[in-house]
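The structure under discussion appears below in the form of structure tokens.
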Amino acid sequence: MATALERVGETEWRWSAELERIGDRHGADLDLGETCRTYALQSDARISALAPWAERLGNDPKSWTRSEGRADGLAASAVGFSIPSGLPRDLWDAYRVGRECEIGWALLGRAAEAGRERQLLDLVAAGRDGVGRAMEWLTERIDEELQRQLVS
């Protein structure tokens, strides 16, 4: 369970940092900037809610260091398509980190079920719901941006 908890903490930090980076970089679009900052704050709140569990399991939440928010790993070209630079690329990077975060929450949920940790399961349900809502918005925003790119 400690490993799953650490994974969620690390990916939530990356998710928050990625959203803040997009909000800062594309803040001229007020809706985008404010929405990204709101979801980043919600991510920070989930991290804070996980901290007591981490300490209880002997994990230091301070070790879930905040990265610069750059998504690493799978490039768009590796999956057979190309994404234009700028906002569509930034949204794609955030999408990848968000999916990783969703997987982390799912794994933590399985660990909490196995450990019969009811309170942690409640926290996992809220975490999955929060990330899920953000991912729905992000998916819609990616669609809008890609359509905008096609039209122009």
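The values are calculated or read from the model by the stated rules, or taken from the named source; none is laboratory data. Quick caveat: nothing in here was measured; it's all calculated off a predicted structure. Note that each Cβ is placed from the backbone with ideal geometry, even for glycine, and that neighbours are counted across all protein chains shown.
One residue is enough: does the stretch 51-73 have a residue meeting the conditions aromatic (Phe, Trp, Tyr), over 21 Å from Leu32 (Cβ atoms) and at pLDDT below 95?
So in the stretch 51-73, the residues aromatic (Phe, Trp, Tyr) come out as 53, 64.
With the extra rule that they be over 21 Å from Leu32 (Cβ atoms), the set shrinks to 53, 64.
Among the residues that remain, those that are also at pLDDT below 95 are: 53, 64.
Checking the stretch 51-73: at least one residue is aromatic (Phe, Trp, Tyr), over 21 Å from Leu32 (Cβ atoms) and at pLDDT below 95.
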**Q.** Cross-chain or 6+ apart pairs with Cβ under 7 Å, the stretch 17-33 first and within 14 Å of Gly86 (Cβ to Cβ), then at pLDDT below 90 and small (Gly, Ala, Ser)
**A.** Arg21/Gly69
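For residues that are under 15 Å from Ala54 (Cα atoms) and touching a residue at least 24 places away in the same chain (Cβ under 8 Å), scanning just the stretch 108-123, find the one that is surrounded by the fewest Cβ atoms within 10 Å (Cβ to Cβ). Before the answer, list the steps.
Residues of the stretch 108-123 under 15 Å from Ala54 (Cα atoms): 108-109, 111-112, 115, 117, 119-121, 123.
Next cut, touching a residue at least 24 places away in the same chain (Cβ under 8 Å) only: 108, 111-112, 115, 117, 120, 123.
Values: Leu108: 27, Ala111: 20, Ala112: 22, Gly115: 12, Glu117: 17, Leu120: 21, Leu123: 21.
Once the filter is applied, the top-ranked residue is Gly115.
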(Q) Quick test of your reading of the structure: Asp143 fulfils all but one of (1) in a helix (DSSP H, G or I); (2) under 22 Å from Ser16 (Cβ atoms); (3) at pLDDT below 95. Name the failing condition by number. (A) (2)
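So, Glu136, is that one in a helix (DSSP H, G or I) and more than 15 Å from the chain's Cα centre (by Cα) or not? Quick ask: steps written out before the conclusion?
Details: in a helix (DSSP H, G or I): yes; more than 15 Å from the chain's Cα centre (by Cα): no.
No: the conditions fail for Glu136.
Just to be sure I understand, how many residues within the stretch 124-135 are closer than 20 Å to Ala54 by Cα and surrounded by fewer than 21 Cβ atoms within 10 Å (Cβ to Cβ)? Even if it seems obvious, please write down each step before you answer.
Of the stretch 124-135, the ones closer than 20 Å to Ala54 by Cα are 124-128, 130-131.
If we keep only those that are surrounded by fewer than 21 Cβ atoms within 10 Å (Cβ to Cβ) as well, we get 125-126, 128, 130.
Total satisfying the criteria: 4.
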Q) Can Glu20 be described as at pLDDT 95 or above and of a type in the set (Asp, Glu)? A) no
